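Read the figures in this text as sums done on the coordinates, not as results from a lab. Being a predicted model, the structure only gives us computed values, none of them experimental. Please note: Cβ atoms are built from the backbone with ideal geometry, for glycine as well, and neighbour counts cover all protein chains shown.
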Amino acid sequence: KRSSPAQTEFYQAVEEILNSLEPLLEKNQRYQQQAIIQRIVEPERQIMFRVPWVDDQGNIQVNKGYRVEFNSALGPYKGGLRFHPSVNAGIMKFLGFEQIFKNALTELPIGGAKGGANFNPKGRSDAEIMRFCQSFMNELYRHIGARCDVPAGDIGVGAREIGYMFGQYKRLTGQYEGVLTGKSLLWGGSLARKEATGYGAVYFANYMLEERGDNLQGKRCLVSGAGNVAIYAMEKLYQLGATPISCSDSSGTLYHESGIDLKLIKRLKEGRRCDLVEYLNTYPEAVHTPVADYPSDGHTVWRYQADAAFPCATQNELTLKDAETLLENGCHLVTEGANMPSTNDAVNAFLNAGIAYGPSKAANAGGVATSQLEMAQNASMQTWTFEQVDQRLKQIMKNIFIAANETAREFDCEGNLVLGANIAGFRRVADAMIEQGVV
Ligand code: NDP
């Protein structure tokens, strides 16, 4: 920490993993003998670059671009690109580090990486987004490739941005290859990729409940976020008989007691890309709380009564006080669609309460798993049906749940899926690193 004091989120992620690994490291000396911890916390490569572009007024803008290629023990680097003003080296490293273990849990041959830029797409025209994406790819293209590093989307990067980046990659290299996932269905994308992270998180939640003799039917659910993950989590919740009663965006939180109108949310957020407050034009009885009115110790979205919570927006959006309020209000299931949405003390509160808690690296792995299925389709020049991909996704989520649950049991921590997922993921990567020698 002393050598890089600003990497708060990265240290938070490392601390969480190291705490869970203690019983494994005590039991098995070879990981320490091979200096696996010292090696695994250091990215194999970090690329930082200038992204200059011209806005619609003719002004030159400059952003910071990143790609952290963290670990390739299990396969080519894989992980999303995030365009958000909060992006910095510490956030890229935390996301890349988490990605290593998440990808290992899918049991697919993919290493861990993350990238992005501190670019704010809000309020930018389509032409500005295109010029930014092209400039970003002007540097990134030399570091990626279908067999070495395959980026995907994340916050602020959807099918539109992937399209502009793919076009520029093709122009620069002359190669039409599966170098990015999350592509349009017209030219190499996979059916069910868009839905995969949200659907996968809800499948995972249902497996956790089934283990406890329960299911999602009839459950009232708080969801945060209103982007790709949140929207398809809400869609699957409705399909499984549950009711999402909230969502949120960077402007505020929306609460609709009788259930969120998902078609309207899709129109507002996927179509017009506007603020959630506009929902009130159609449903004046819903409640919208602007960010300025959030409690000082947390977030309005977690202060409503519900059976289950699905944080699907961003990191550290669920504090200890939020966790305590959820528990007091009877919430008995928390499943993370976003990456590291709960602070470490919030996680401990869930674990101590013994509720069903699905940590992000297990619960939201459906997105990257389906990205790998997109790579497999591209490589074999095939297209699978929605049902084929969805069936595989469901099976992968089930396998991740079983791996995390059985590993927790193996270490006498029944139900602690944080420990189970961290040890199961780490063991695969560490064993591969040992077999590949000190490189
Ligand atoms: P999107 O950009 O599609 O949506 C993000 C949503 O969260 C938006 O509604 C956005 O608000 C809101 N949001 C983002 N940052 C903040 C913030 N700092 N404060 C408040 N609200 C915020 O991203 P995704 O849905 O793809 O990603 C959401 C989370 O899921 C992230 O943690 C991501 O890393 C994780 N994830 C995504 C995967 C994927 O396949 N897409 C895979 C695995 C994890 P607004 O609409 O105002 O911008």
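Give me a comma-separated list of calculated 3J(HN,Hα) values for the stretch 242-252, in order, Karplus coefficients 6.51, -1.76, 1.60 applied at θ = phi - 60°, integers in Hz, x for any Gly or Pro.
In residue order, the calculated couplings are 9, 10, x, 10, 8, 7, 8, 9, 6, 9, x Hz.
Show which aspartates and glutamates lie in cross-link reach of K194 when reach means a straight Cα distance below 15 angstrom and same-chain residues fewer than eight apart are skipped.
D154, E161, E235, E270, E374, E387, D390
Pop out the Kirkwood hydrodynamic radius of the stretch 289-356 from its pairwise C-alpha distances, inverse of mean 1/r, in Å to one decimal. Don't jump to the answer; show the numbers that get you there.
Working: mean 1/r = 0.0849 Å⁻¹.
Taking every pair of different Cα atoms in the stretch 289-356, averaging 1/r and inverting gives 11.8 Å.
By counting other Cβ atoms within 10 Å of each Cβ, how are F350, F136 ranked from fewest to most?
Values: F350 24, F136 27.
Taking fewest neighbouring Cβ atoms as first place, the list is F350, F136.
Between the DSSP loop rule and a limit of at most 15 other Cβ atoms within 10 Å, which GluC sites (Glu not before Pro) in the stretch 356-420 are left? Working shown, then result.
Numbers: sites: E374, E387, E406, E410, E414; in loops: E414.
Sparse-neighbourhood loop GluC sites (Glu not before Pro): E414.
What is the spread of the Cα atoms of the stretch 375-439 along each of their three principal axes, largest first, in whole Å?
Projected onto its principal axes, the Cα set of the stretch 375-439 covers 43, 35, 13 Å.
Between R160 and D412, take the C-beta separation as r, use R0 = 45 Å, and let me know the FRET efficiency to the nearest 0.05. Walk me through the intermediate numbers first.
Values: r = 48 Å, r/R0 = 1.07.
Approximately 0.40, to the nearest 0.05.
Multiply the residue separation of Q32 and M381 by 0.36 nm, subtract the distance between their alpha-carbon atoms, and state the gained length in nm to one decimal. Numbers along the way, then the final one.
Details: separation 349, 0.36 × 349 = 125.64 nm, distance 4.30 nm.
Here the answer is 121.3 nm.
Give, rounded to the nearest 20 debye, the magnitude of the charge dipole that the chain has about its Cα centre when Lys and Arg contribute +1 at Cβ and Asp and Glu contribute -1 at Cβ.
Numbers: 44 positive and 49 negative charges, 294 e Å.
For this selection, approximately 1420 debye.
Based on C-alpha coordinates, I'd like the Rg and Dmax of the stretch 8-177, in Å.
17.5, 62
Could you give the spread of the C-alpha atoms of the stretch 195-358 along their three principal axes, from largest to smallest, in whole angstroms?
Its Cα atoms span 41, 35, 26 Å along the three principal axes.
Distance cut-off 24 Å, Cα to Cα: go down the list K78/K361; K361/K398; K93/K219; K236/K321; K93/K394 and report the pairs above it.
K93/K219; K236/K321; K93/K394, as the Cα separations exceed 24 Å there.
Can you tell me the convex hull volume per residue for the stretch 116-247, based on C-alpha atoms, in Å³ to the nearest whole number? List each step's numbers first, then the result.
Details: hull volume 17.5 nm³, N = 132.
Enclosed volume per residue, from the Cα hull, is 133 Å³.
Could you give me the percent of Cα pairs per 5 Å distance bin for the stretch 62-115, shortest bin first, beginning at zero and ending with the bin that holds the maximum distance?
Here the calculated profile for the stretch 62-115 is 5, 24, 31, 19, 12, 7, 2, 0.
Amide H neighbours of G358 under 5 Å, counting only residues 5+ apart in sequence or on other chains, H built in-plane at 1.01 Å?
So G358 has HN proximity to V334, T335, E336.
Treating only the Cβ of Lys, Arg, Asp and Glu as charged (+1, +1, -1, -1), what charge dipole size does the stretch 61-147 show about its Cα centre? Round to the nearest 20 debye. Walk me through the numbers on the way to the answer.
Values: 12 positive and 6 negative charges, 22 e Å.
In total the dipole reaches around 100 debye.
Roughly what % of Cα-Cα distances in the chain sit above 28 Å, to the whole percent? Let's see the in-between values first.
On the way: 44984 of 96141 pairs.
Counting every Cα pair in the chain, those more than 28 Å apart make up 47 percent.
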